[in-house]
Every structure is written in structure tokens, then in C-alpha cells.
Amino acid sequence: MRLELGRIKITDVQFGDTTKVVNGTLYVNEQEIVNLIMEDEHIKSVKVELAKPGEETRITPVKDVIEPRAKVEGQGGIFPGVMNKVTTVGTGRTHVLSGAAVVTCGKIVGFQEGIIDMSGPGAEYTPFSKTCNVCLVIEPVEGLKQPEYEAAARMAGLKAANFIGKAGMSVQPDEVEVYETKPLLESIQEYPNLPKVGYVYMLQTQGLLHDTYVYGVDAKKIVPTILYPTEIMDGAILSGNCVSACDKNTTYHHQNNPIIHDLYARHGKDINFVGVIITNENVYLADKERSSDWTAKLCRFLGLDGAIVSQEGFGNPDTDLIMNCKKIENQGVKTVIVTDEYAGRDGASQSLADADPKADAVVTGGNANEVIVLPPMKKIIGMLDYTDKIAGGFDGSLRPDGSIEAEIQVITGATNELGFNKMSATSF
């Protein structure tokens with residue numbers, strides 16, 4: 001599959017009479033967005049607010065972040081199986097509003113939601129302090145159950161991103177990146193002397209607001225399978241989970257997976273990047289055994305020499321991570337695992353809930369238990385009254401002056417296993 005990504009660089013966002021892109025500025029028609037979101041009877045109200053890099057603004061509680069994109073050429077549409085028909089994507093041309101993001105926030109769904117600071121020390125831990133954010137502050141109707149609220153908020157973000165992304169369809173991109181993965185036999189013939197490397201992409205699928213979707217299907221219902229990397233760039237994988245903010249893969253993370261981009265950068269040079277194996281992180285032991293068995297089998301089937309394995313979440317999924325690592329290594333395939341750590345505030349506790357000698361090449365996203373103080377901000381998008389209850393917070397986290405003392409796991413993307421601010425693992 002061959003995909004062109006036309007990147008339209010967004011450096012500012014403003015409200016305007018029409019939703020459009022002019023000279024790097026994204027103009028958003030607020031009422032059009034409100035009308036679109038309010039089509040859902042589960043939503044009582046939605047407020048559209050803007051947040052820009054460097055501002056003294058705090059966005060919370062964050063549910064998801066989505067990058068606006070639109071298909072210009074090729075089959076299918078962005079977010080297949082959800083916003084468009086279930087047609088295989090990953091070919092043709094896609095325009096990206098690079099530097100823009102849609103952020104869903106508002107009344108808390110569960111205790112594992114996050115914070116984005118647009119300036120200050122917290123901004124250094126999240127990639128979303130650098131994006132021009134269109135924020136949807138969503139209020140659900142009274143009595144709405146948590147799963148239905150999560151679904152309504154998720155769909156609101158996807159609708160808004162899909163709508164805004166179309167503003168870039170006729171805009172000339174600032175740059176065009178080309179990504180191509182050929183069928184396996186062709187790829188091997190093209191680079192017969194390079195080591196064959198694959199990416200094992202673990203998806204959070206523990207249920208109870210901890211789900212991920214593949215072409216619209218809840219990934220806990222799938223068995224491990226193979227995707228072209230370019231399918232993921234076109235929105236084939238979507239976030240539907242409220243796992244701890246620091247290591248949750250938002251939809252934006254999936255769209256811009258840096259491990260995939262790093263592997264492409266080295267493809268044809270010192271590795272042969274042959275594709276992606278997606279697998280899940282279910283809660284029952286039988287499911288873990290099945291998925292890790294299939295994952296290892298697919299690594300062997302592809303004839304891989306090496307595999308990068310990234311995890312989403314922590315605790316229970318540590319078992320899936322180590323199972324995958326051991327079984328892939330037992331197939332004669334070298335592995336590098338990418339994870340974060342929960343090593344206690346002093347860093348002295350065991351970092352992972354499981355371990356094995358075969359996991360001897362590890363890239364860490366950092367210790368999520370490290371404590372940080374976030375200074376007060378002039379503007380709050382969303383609300384602060386839940387701060388002491390979220391994962392990483394504690395009684396007294398929210399101080400009277402509006403500052404927050406908490407573990408860095410409260411920050412969206414802070415120690416994320418995909419590591420936007422860290423080097424990906426591509427050596428074996």
C-alpha cells in the first residue's frame with residue numbers, strides 16, 4: 001500500500017464565519033460544530049473553546065484527542081467503520097491539518113482522565129501543549145450511564161475532527177510525505193539483505209471504558225491480525241478508553257504513531273519494515289494465552305528477524321507484554337519492548353507487574369508515579385472539581401490557589417508507551 005500524507009501546517013486557530021484554512025490559520029465556525037454535536041440526544045450541551053500553545057490554559061478532564069484529516073484520493077474515508085463505510089483505507093492521498101487537534105473534555109466519565117496544560121512545567125510532558133486545540137466541553141443528559149456517555153463523547157470528537165478535516169481537502173499542502181509497504185514477498189525481494197522487522201501493536205481492550213476500535217470493531221473481540229501501517233494513518237484504529245491519562249493512546253497517538261514513523265524512516269536503509277501485527281489486552285488468562293500465541297505465530301509466519309512490542313496501559317497488561325515478549329523470542333525473533341513504569345514516587349518499587357529474562361531490551365517512557373506541581377492557570381477549559389479523584393491525584397491535590405500537586409500520570413500522554421518525546425526502539 002502506498003499513501004501520501006499532505007501536511008498542512010496549522011500555526012493558529014480562531015473562530016470564523018466559515019470553517020476553513022487560510023495561510024496556516026484554522027478558522028472554525030462555532031455554531032456549525034455545536035449543531036453537529038447536538039444531533040446526539042445523549043448530549044445536553046456542548047461548548048466550543050480554543051486553546052493555543054503558550055497560553056496560561058488548563059484543559060481537563062480530557063477524554064480523547066483527534067487530529068483532523070481528510071481523504072483526497074484513494075478508496076474509503078477517514079475513520080472507516082465509524083465515520084465512513086467499512087472500506088479498507090491506507091492508499092491514495094490524505095490531507096492532514098498538522099498542528100491542529102480536537103480535544104473532548106467535560107464532566108468526568110471515570111477516574112482515569114487527564115490534564116493538558118498549554119504552558120508551564122506540565123506542558124513539557126504532553127505533546128498536546130504544542131497543538132492548536134479545538135476543545136469540546138460536553139455535558140451529558142441527566143442520568144446517562146457511563147458507557148453511553150463515553151460513546152457520545154467519543155463520537156462527538158470524531159464528528160468534529162471529520163468535519164474540520166474537510167477544510168483541508170482543497171488546500172495545497174506545505175509538504176507531502178510518502179509511505180509505502182509492499183506485499184511481503186515483494187518487500188523481501190526488494191531488500192533481501194536487510195533484517196525483516198515488524199511492529200507488535202498492543203491495544204487496550206479491558207472493557208469497562210477501556211476499549212479500542214479497529215475498523216469500528218471492539219478490539220477485544222478480535223484475534224491478532226496484520227495491518228498495513230498506512231491503514232492506521234487513515235484512522236483504522238480509534239481510542240475508546242479512559243485508562244490512566246499518562247499512558248493512554250489517544251486517537252491522535254494512533255494516527256501519528258511515532259514507532260511506525262521511525263520504522264518507515266529506516267525502511268530500506270538498515271531494516272526492512274514489513275508491517276504491523278495488532279493484538280489485544282484482554283483480562284482473562286485464556287484470552288491472554290490465545291492472543292500471545294497468535295502474535296508469536298504471526299511473527300514467525302512473516303519470517304521476522306526482530307519485532308518492537310509496545311504496550312498500552314499498565315498492571316494487568318504487563319502480563320500480556322511479557323507473554324508476547326517471551327513467546328516471540330521463543331520463535332527465534334529478537335524483541336524490544338516499549339513500556340512505561342509505575343515504580344513508586346521514590347522510584348524504588350518494581351516497575352512492571354511481570355518480568356522475564358527474555359525481556360532484556362527495554363525502552364521506558366518514564367515513571368508515572370513521579371510527583372509534579374502544576375501551577376495555577378488563568379483559564380480553565382472544563383472543570384477542576386474532580387481533580388483529587390483522578391488517577392494520580394489524591395486528597396488535597398487541588399490547592400486553594402488553583403495549583404495541583406499530583407503524580408505525572410494525570411497528564412495526558414506524559415509517559416505514553418509510544419513516546420512522542422522519546423526515541424523509539426528500532427535496534428536489536
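Here are a few things to note about the model shown:
- Spin-label model, D218/Q350: points 7 Å from Cα along the beta carbon direction are separated by 3.1 nm.
- Full-extension gain in nm, S45 to F15, via 0.36 nm per residue minus C-alpha separation: 8.9 nm
- Our Cα-only numbers for the chain put the radius of gyration and Dmax at 20.7, 65 Å.
- Cross-link reach list, aspartates and glutamates versus K326, counting only Cα pairs under 17 Å and skipping chain neighbours closer than eight places: E281, D287, E289, D293, D305, D318, D354, D356, D360
- Relative to the current alpha-carbon distance between T25 and E190, full extension at 0.36 nm per residue lengthens the span by 55.2 nm.
- Probing with 1.4 Å while keeping every protein chain in the model, the per residue accessible area of segment 165-263 equals 35 Å².
- Separation in nanometres of the label points that stand 7 Å from Cα toward Cβ, at A286 and K269: 4.7
- Label-reachable residues, segment 255-287, where backbone N falls under 17 Å from a point 7 Å from R2's Cα toward its Cβ: 268
- With the simple model of a label 7 Å out from the Cα in the direction of the Cβ, M38 to E142 spans 1.9 nm.
- Using the 1.4 Å probe convention, the accessible area of segment 54-110 works out to 27 Å² per residue with neighbouring protein chains retained.
- Residue with peak Gaussian network fluctuation, the chain [Cα springs, cutoff 10 Å], from G313, G268, G143: G143
- Share of carbon and sulfur in the accessible heavy-atom surface of segment 2-410 [1.4 Å probe, %]: 50
The values are calculated or read from the model by the stated rules, or taken from the named source; none is laboratory data. Everything quoted here is computed from the prediction, not taken from an experiment. Neighbour counts run over all protein chains shown; Cβ positions are idealised from the backbone, glycine included. The accessibility values were calculated without ligands, DNA or RNA, using every heavy atom of the protein model including side chains. Shrake-Rupley method; radii C 1.70, N 1.55, O 1.52, S 1.80 Å.
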